[in-house]
Amino acid sequence: MEEEEKPSTELTLAATSSAPQSQCPPEDIVWTTLTLGLPSSTSEKREAVDQNPAPSMKKGPWEIKKRLTTSDLGNRCKLLARSLEKHVMPCLDEEFGQRVSSREGARVIVYDCDTNSNHQLILKYYKSSDSYVFGRKWGKFVRRRDLNMGDEIGLSWDVLDSRFLFSVLQRANQQPASSSSNSRTKHK
């Protein structure tokens, strides 16, 4: 009597990216959600993640932090090249990098972790100022989030979903999250 072959119960976890692993080190992988008893469709998976957001997004690994200036409140937001080149560009393929440097720029998704919503912006590199800029629809994004001069925002690259993660880390008129609760005022 032949012995039946049993199915494997071995589980192997791996991060996938279009970039070679050596170009995108593990510390650049932002958040990972493991779901056992996997939902049958992509929309069900996304719904499960949206209903269970990563804990304390304010403390997340925001590789890029920026205090907004007056010029960031118009139709563009300037990001320092070295920040993106260190934390984002190594995780992207060469073709995407070329699109970012092109006259049109590249379309990117920005996931607002505070409102659980996706937004499409243009990311473009300007050699003259050695900076990356969020363009098209940035002004609408600013108005929607009521961003002001002095607000601190955080950005990270989500390797698994190929998008930026965004959060308002601190409003200009508020105390840092680490200050004592006695100094906070409640608004009704």
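Every number here is computed from the coordinates shown, using simple stated rules; none is lab data. None of these values were measured; they are calculated from a predicted model. No Cβ is skipped: glycine too gets one built from the backbone with ideal geometry, and neighbour counts run over all protein chains shown.
Relative contact order for region 58-170: what is it in percent, counting Cα pairs under 8 Å that are at least 6 residues apart?
With pairs under 8 Å counted, the relative contact order is 36 percent.
Can you work out the PRE-style zone for R67? Point 7 Å along Cα to Cβ, and I want the residues of region 137-159 with backbone N under 17 Å.
Under 17 Å, as judged by backbone N against the label point of R67, lie 148-155 of region 137-159.
Fully extended, how many nm does the chain gain between N173 and R103 (0.36 nm per residue separation, minus their Cα-Cα distance)? Please list the in-between numbers first.
Working: separation 70, 0.36 × 70 = 25.20 nm, distance 3.72 nm.
Length gained between N173 and R103: 21.5 nm.
Give the percent of DSSP beta bridges with both residues in region 58-170 that are antiparallel, rounded to the nearest 5.
On the way: 26 of 29 bridges.
Roughly 90 percent of the beta bridges in region 58-170 run antiparallel, per DSSP.
What's the ranking of 92-103, 134-145 by average number of surrounding C-beta atoms within 10 Å, highest first? Walk me through the numbers before you get to the answer.
Details: 92-103: 14.0, 134-145: 16.5.
Per-residue Cβ counts within 10 Å, averaged per peptide and sorted highest first, yield 134-145, 92-103.
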